[in-house]
Amino acid sequence: MIALQLLLACAVHAAPLDFAGARIVTAPGAADMEVFAARDLSRYFRLICGQESPVVRDPEDAPAVFVGVSPDALPPEADDQAFALRVVATEPPRLRILGKTPIGVQYGVYSLLEKLGVGFYLGGDALPVRRHELLIPPDLDETNAPVFRLRGSLPWYNFLNSPTTWDLEDYQFFFDQMAKMKMNFVGFHSYDHEPFCAYPEGGQWRMGQPAATSLTYGWGTVRHLATRDFGFGTGQCFPYEVFGSRSAALAKEPQEPSPDGAVFPHRTLQDDAIIRAQCVLAQGLQYATQRGVKTCVGFELVGDPTNPEQRRIEEARLRHTLATYPMVEYVWFWQSEGLGGGSEPTASDSPLDLIVQRHHSTFEYLGNENRIAEAARVAAWAQWAHALVKRLRPDLKVAVSGWGGDRWMRFSDFYIGLDKLLPEDVIFAALDNIDPSWEPNVSAAYGQLSPTREKWPIPWWESDGGGLRRDQWGPQCNVKPFTSLVRDAQAKGCQGILGIHWQTRGV
């Protein structure tokens, strides 16, 4: 009989608390991110159970969820992105979502919603079946912090199912979903045939062209196809003659000279398309920062780093890029695609050859003269670019990137030598195996770098590598191989991990 009474008492004590219709409470002076998170919590509560949960300052005598920064409520050693979920009262039910910073508060809100059955994905949300109650265990008391300081995405341009065709609302939707998934970094790489890092000079744009459309370009798609020619009448679903971003589809040649006529005395359709594309990306990146997503842009450094003209071009390009995207916190410089296997040796005793000779012993482990020459070239460019960035914007963080992987283009191998030559604040972040199932590990080089070197492997979440990989045409979720890659990156001391992909709904 006593045992039965104890069992009943425990059952009563463990009864879940109902927060349907609970007030969402914010503190006076709360940061914009905290207020936004509170409003989002209110919105999802209504979507799940149909009852309004007003955002207020006074909880009164009613169920309430307190949302806000409270640094002292978390352990002193907790990460700035840490958060806590705590039930602090049962009559009436009271729950606190606490963070050391506003970003921690935001993560706490979305983690609570996940506990209530909401799924957050890059392609959209998955809501649970509508119910009348929002039940929370009365003993909920947990503190969480990210394993990796930096977690994010490298959405790759050049497919027509990629950011190549995004408009501002697409960028905003994508960054909203990233924030809900507790991802905090996005980086964009720009090829020289894309508009995003092009720069004006002498009345024309250099190192860039308008964004691709179904009429102009499409890696892996049929080219020169107007929407009216799409199969099965699907062209009727599209508002323009071409499929692409509005920056490309609606570009036009202005009828009158623009205010900056000194630079563009006769602006062309190409000029208009590039300007539109850069403006849209800039607005998108600004929105990302408001959602707590760190931003990065960058391009490839090509040619001879000792050539004054090539340096002038790259400096002009960087200056325009930083002026166009002043909100970015990171800039990355890429090795040209396909050079991980090495570049041809330069003329004997040329300025570049002298650099190769000077760094030969540092890269001797590569065992190939062409690869040693290429590694030395990359080192020279990275040293120059880092110094220039620190002159232009000392707060900006610099990353060096390329096409890597232990069984692929092998740029990551260079990091062992670059670790000895480049300033300690340069970040190493290379693409990893193009097929994420090739190996259960990221590149071996990451485990051989200085412990203080910041490093972010970028495995291919979505591959266009051919062979058995047909992710672009038959989406396959690579969760299983990524599980091993993420664990290996953590074991090798990596502070961040990214994934490269094109599609959004697919992944």
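The values are calculated or read from the model by the stated rules, or taken from the named source; none is laboratory data. On a predicted model such as this, the values are computed, not experimentally measured, just so you know. Reconstructed Cβ throughout: ideal geometry from the backbone, glycine too, with neighbour counts over all protein chains shown.
Of all residues in region 387-407, how many are under 23 Å from the mean Cα position of the chain (by Cα) and under 23 Å from Phe363 (Cβ atoms)?
Qualifying residue count for the region: 8.
The conditions are (1) assigned to a helix (DSSP H, G or I); (2) within 26 Å of Trp384 (Cα to Cα); (3) β-branched (Val, Ile, Thr), and Thr306 fails exactly one of them. Which is it?
(1)
Out of the residues in region 41-68 that are touching a residue at least 40 places away in the same chain (Cβ under 8 Å) and in contact with a strand residue (DSSP E or B) (Cβ under 7 Å, 6 or more places away or on another chain), which is surrounded by the fewest Cβ atoms within 10 Å (Cβ to Cβ)?
Ala62
Output the number of residues of region 367-399 satisfying the condition of being in a helix (DSSP H, G or I), over 27 Å from Ser350 (Cβ atoms) and of a type in the set (Lys, Arg).
Residues that pass the stated criteria total 1.
Criterion first (outside any strand (DSSP E or B), among the charged types (D, E, K, R), surrounded by fewer than 21 Cβ atoms within 10 Å (Cβ to Cβ) and at pLDDT 95 or above) does Asp419 satisfy it?
When the stated conditions are applied, Asp419 passes them.
Give region 49-79 a look and list any residue that's in a loop (DSSP other than H, G, I, E, B) and more than 29 Å from the chain's Cα centre (by Cα), or say none.
Gly50, Gln51, Glu52, Ser53, Pro54, Arg57, Asp58, Pro59, Glu60, Asp61, Ala62, Pro63
From the list Ala38, Ala84, which residue is within 26 Å of the chain's Cα centre (by Cα) and either closer than 26 Å to Phe148 by Cβ or charged (D, E, K, R) (or both)?
Ala84 is the lone residue from the list that is within 26 Å of the chain's Cα centre (by Cα) and either closer than 26 Å to Phe148 by Cβ or charged (D, E, K, R) (or both).
Just checking, how many residues over region 317-352 are more than 30 Å from the chain's Cα centre (by Cα) and at positive phi?
1
For region 383-404, state whether one or more residues are hydroxyl-bearing (Ser, Thr, Tyr), buried (at least 21 other Cβ atoms within 10 Å of the Cβ) and either touching a residue at least 12 places away in the same chain (Cβ under 8 Å) or in contact with a Phe, Trp or Tyr (Cβ under 7 Å, 6 or more places away or on another chain) (or both).
Looking through region 383-404, at least one residue is hydroxyl-bearing (Ser, Thr, Tyr), buried (at least 21 other Cβ atoms within 10 Å of the Cβ) and either touching a residue at least 12 places away in the same chain (Cβ under 8 Å) or in contact with a Phe, Trp or Tyr (Cβ under 7 Å, 6 or more places away or on another chain) (or both).
State the number of residues belonging to region 454-507 that are part of a loop (DSSP other than H, G, I, E, B), basic (Lys, Arg) and at pLDDT 95 or above.
Number satisfying all stated conditions: 1.
Only one of (1) farther than 29 Å from Arg149 by Cα; (2) surrounded by fewer than 16 Cβ atoms within 10 Å (Cβ to Cβ); (3) not acidic (Asp, Glu) fails for Leu17. Which number is that?
Unmet condition: (2).
Sort out which residues of region 82-94 are farther than 14 Å from Thr143 by Cβ and either buried (at least 24 other Cβ atoms within 10 Å of the Cβ) or in contact (Cβ under 8 Å) with a residue 24 or more places away in the chain (or both), and write them in order of number.
Those that are farther than 14 Å from Thr143 by Cβ and either buried (at least 24 other Cβ atoms within 10 Å of the Cβ) or in contact (Cβ under 8 Å) with a residue 24 or more places away in the chain (or both): Thr90, Pro92, Pro93, Arg94.
Give me the residue from region 276-322 that is of a type in the set (A, V, I, L, M, F, W, C) and out of contact with any strand residue (DSSP E or B) (no Cβ under 9 Å at 6 or more places or on another chain) and, out of that set, modelled with the lowest pLDDT.
Checking each candidate, the answer is Val302.
Please specify each residue of region 104-126 satisfying the condition of being under 18 Å from Gly21 (Cβ atoms) and in a loop (DSSP other than H, G, I, E, B).
Leu116, Gly117, Val118
Here's the yes/no breakdown for (1) touching a Phe, Trp or Tyr at 6+ places or on another chain (Cβ under 7 Å); (2) closer than 26 Å to Leu150 by Cα:
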site: Val56; (1), (2): no, no
site: Pro63; (1), (2): yes, no
site: Pro75; (1), (2): no, yes
site: Ile103; (1), (2): no, yes
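Out of Val118, Val129, Val105, Val109, I need the residue that is within 32 Å of the chain's Cα centre (by Cα), under 30 Å from Thr504 (Cα atoms) and surrounded by fewer than 17 Cβ atoms within 10 Å (Cβ to Cβ). Which one?
Criteria check complete, one pass: Val129.
May I ask you to list the residues in region 20-29 that are surrounded by fewer than 21 Cβ atoms within 10 Å (Cβ to Cβ) and in contact (Cβ under 8 Å) with a residue 60 or more places away in the chain?
Correct list: Ala20 only.
What residue, of Leu322, Leu366, is touching a residue at least 12 places away in the same chain (Cβ under 8 Å) and within 24 Å of Leu498 (Cβ to Cβ)?
Only one candidate qualifies: Leu322.
For region 333-366, give me each residue that is surrounded by fewer than 14 Cβ atoms within 10 Å (Cβ to Cβ), in a loop (DSSP other than H, G, I, E, B) and not small (Gly, Ala, Ser).
Listed by number, the residues that qualify are Glu344, Asp349.
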